[in-house]
Amino acid sequence: MKAYKLVRLKRDGSIGSLFIDRKSDMPYGEWLEAEELPTKGFKVNKGWHCTFKPVAPHLKEELSNGEKRIWVEVEIEDYAVYKKPESQGGWWILANKMKVIKIMGLAR
């Protein structure tokens, strides 16, 4: 199934997760298995957080430290859907498998 994910655009042009496992790159066109990676300040959720539309109103596209975030189109497998507040974009997906298939550009 097609979905969307907001990712961090790194200075070297690679992409990575916004919050969990920030040091790792997210390769294009490769299936990625979700891992359980406990991170201080975050609830432990094994899975890739994605959306049905490229919308996440609660997350900024450019941070004061210069970090930029972009949307990517992903293909997902083995996922669950859950309801979030509309202020966070509504319905979200937690996928166990994900593959980046298209880099879309800056968040809006």
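In this label model, residue 84 and residue 65 are separated by 2.0 nm, measuring between points 7 Å along each Cα→Cβ vector. Straight-line reach from residue 43: which lysines have Cα under 22 Å away, leaving out those fewer than 8 places along the same chain? Answer for residue 43, where 22 Å is the Cα cut-off: 5, 23, 60, 83, 84, 97, listed by chain and number.
Working from Cα pairs under 8 Å separated by at least six residues, relative contact order for the chain is 34 percent. The chymotrypsin sites (Phe, Trp or Tyr not before Pro) of the stretch 19-108 that meet both conditions, a loop assignment by DSSP and at most 16 other Cβ atoms within 10 Å of the site Cβ, are 19, 31, 42, 52. Working note: Debye formula, equal point scatterers on the alpha-carbon atoms of the stretch 20-108, no solvent; log10 I(q)/I(0) at q = 0.15 Å⁻¹ is -0.63. Across every pair of non-identical alpha carbons in the stretch 60-101, the mean reciprocal distance, once inverted, gives a Kirkwood radius of 12.3 Å. For the stretch 1-83, the set of trypsin sites (Lys or Arg not before Pro) satisfying both a DSSP loop assignment and a count of at most 15 other C-beta atoms within 10 Å is given as 10, 11, 22, 23, 40, 43, 46, 60. Loop-located GluC sites (Glu not before Pro) in the stretch 1-82 (DSSP state other than H, G, I, E, B) with a sparse environment of at most 13 neighbouring Cβ atoms within 10 Å: 30, 35, 36.
All of the numbers you see were taken from the coordinates with simple rules; none came from a lab. Predicted model only: the values in this text are computed from it and were never measured. Backbone-built Cβ (ideal geometry, glycine too); neighbour counts: all protein chains shown.
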